[in-house]
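Everything below concerns the one structure shown next.
The values are calculated or read from the model by the stated rules, or taken from the named source; none is laboratory data. Computed from a prediction, not measured in an experiment: that's the story for all the values here. Here the Cβ positions follow ideal geometry from the backbone for every residue, glycine too, while neighbour counts run over all protein chains shown.
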Amino acid sequence: MEQKAKEAASHAAIPVSISAMLVTLGVVYGDIGTSPMYVTKALVAGNGGIGSVTEEFVLGALSLVVWTVTLLTTIKYVLISLRADNHGEGGIFALYSLVKRCGKWLIIPAMLGGAALLADGILTPAVTVTTAIEGLRTIPAVHAVLGDDQGRVVAITLAIIIALFLVQRIGTAKIGHAFGPIMTLWFLFLGGTGLFFVFQHPAVLLCLNPVRGIAFLLSPNNHAGIMILGSCFLATTGAEALYSDMGHVGRGNIYATWPFVKCCLLLSYMGQGAWLMNNAANPELMGIADLNPFYQMLAPGLRPFAVGLSTVAAIIASQALITGAFSLVSEASRLDLMPHMQVFYPAETKGQLYIPMVNNVMLVGCVIVVLLFQNSAHMEAAYGLAITLTMMCTTLLLFFYLHEERKLKVAPWIFAAFFLLLEGFFFVSSLTKFFHGGYFTILMAALIMGIMVCWYNGTAVERRQFTLLPLRSYLP
C-alpha cells in the first residue's frame, strides 16, 4: 500500500495538462517523430530502387513498418513498460531497481542495455543534425551558399550541436515549451500530407493487415530478405528514449499524446506508400539518385517549407535522448553503477534535472563523431545497432517485473518469448551495420559498460570492508 501511495504521489507531481502535453511533444517524440524522413527511403533503396517498386512491395513493407511501431512502441513501451516506473522515473535502470532482488545477475542486462542506450544517445544528435544540414542542399538558394563542400556542413553541424547542449542547463520544461509548438506543427504536417495521398490511393490502407507484411517478408520478391527488418526497425528507434523520458513529463502526458503522434506517423508512411504506387512507373524518377519519397512527393512550392521544418525537427530529435541520458545516469548513480555527480533541478516539477558532467561528455562525444564520420551516410551505417541490444535487455527485465512483481503466471512467458524473438530478428538484420560504422557504437557501449563494472565492483568492495569493521572502530 505504501509503495502504491508513493507511486501515486510521484505521478501527481506532473499532472496531465495542455502545457505538459506540449512539453511532451517537444521533448519525448523528436527521435521517433523524424523517422518518416528516412524509413521509406531506406526500404526503397534496400529493395533495388524505384524501379523495383510494386504494389506487393509497398503494401508488404508498409505493413511491416505499421506493425513494428504498433508492437514495439505502442504495446511494449507505451502500454507495458510505462507501468514499470520507479517513483515516476523510467528507463532500464529504473526498471532494474524494481527487479534487482530477483537475482544478482540481472545487473548484467541492466548495465549492457544502459550502456548501449547511452552510446546511441551520443550518436543520435550527430547523425540527425548532420542529416538535416545536408538536406538543406536540396533548396537551390542554400546550395548556392553551402555548395558541395562538406567542411561547411561539418562546421555548421558542430555549431548547432554546441548550442543544443549549451541550452540544456535551462531545463526540460523551458526547452519543451520552446520545441513543443514546432513539433506539433511537424506532426500535423506529417499527418496532413500523408492523408492527402491516402485519399488519392485508398488501397494503401490494405497495409494495416499484418498478413501482408508476413507474406512479403517470405516472398521471393523481397530482395532484401530478412535484412528488410533493419530498415523497418528505424521506425521505432525512439521508443526506448520515450521510456527513459517518462520522469521528465509524466506517464499520463505520454498516454495523452501518443495516439495523436502515432496516427500522424502512420498517415505519413501510408501517404508515401500511396505516392510510390502512383508514381512507380514514372520514368523521370528513375534518374534521381538517392530518391527520398518524403520530399519527392511534395509539390515544388511546398518543398522548401518541408525541408526547413524537417531540419528544425531533426535538430529537436536529439532532445529525446539527451534528456533520457540525464535520467539514466541519475538512476545509475543511485544504484552505484556510476560515480555520483552534481545534479541541478532547473524546475520545481519532479523529474526535471540537468547533469553538467553528462552534458559535457555527450557534447565531446558528438563532436568526435561528427569529425570522425564527416557525413550522414557514414553515421547512419552505425545507427540503430546498439539500441536493439537495449530493447532485448529491457524485455528480459520486464519479464521479471511482470512475473515477480506483478505476480502474473502465463502472460510474462508469452511476452518474453514473443518480444525476444521479434527483437532478435531485428538484431540479426542490423548486424550488417557492424563493419559499416556499427562497430563505433558497440565500442562506445563497451567503454561505458567497463566504467560501470569497475565502479560497481569498487563500491561493492568498499561496502563489504565498511560492514566488516568491528564495533569498537565506531566508538570514540
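Considering the conditions (1) of a type in the set (G, A, S); (2) farther than 21 Å from L82 by Cα; (3) touching a residue at least 40 places away in the same chain (Cβ under 8 Å), S244 is excluded by exactly one of them, (2).
Of the candidates F426, F415, F419, the single residue that is touching a Cys at 6+ places or on another chain (Cβ under 9 Å) and in contact (Cβ under 8 Å) with a residue 12 or more places away in the chain is F426.
Pairs are defined by a Cβ separation below 9 Å, a sequence spacing of at least 6 or placement on different chains, a first member in region 297-312 that is exposed (fewer than 15 other Cβ atoms within 10 Å of the Cβ), and a second member that is hydroxyl-bearing (S, T, Y) and at pLDDT 85 or above; the pairs so defined are L302/T193. Of all residue pairs spaced 6 or more apart or on separate chains, those with beta-carbon atoms under 9 Å, a first member in region 76-90 that is more than 19 Å from L420 (Cβ to Cβ) and a second member that is of a type outside the set (K, R) and not in a helix (DSSP H, G or I) are L82/G90; G88/A13; G88/I14; G88/G250; G88/G351; E89/G351; G90/A84; G90/D245. Residues that are under 18 Å from the mean Cα position of the chain (by Cα) and farther than 21 Å from T311 by Cβ number at least 1 in the following helices (runs of 4 or more DSSP H) confined to region 92-171: 92-99, 107-135. Considering region 269-363, the qualifying helices (runs of 4 or more DSSP H), each wholly inside and each with 3 or more residues that are more than 17 Å from V127 (Cα to Cα), modelled with pLDDT of 70 or more and not hydrophobic (A, V, I, L, M, F, W, C), run over 293-296, 303-334.
Does I448 satisfy the condition of being modelled with pLDDT under 85, in contact with a helix residue (DSSP H, G or I) (Cβ under 6 Å, 6 or more places away or on another chain) and farther than 27 Å from W67 by Cα? So I448 passes the test. When you look at G46, is it under 27 Å from I122 (Cβ atoms) and at pLDDT below 80, yes or no? Considered against the rule, which asks whether it is under 27 Å from I122 (Cβ atoms) and at pLDDT below 80, G46 comes out as yes.
None of G230, G225, G238, G192 is at positive phi and not β-branched (V, I, T) except G225.
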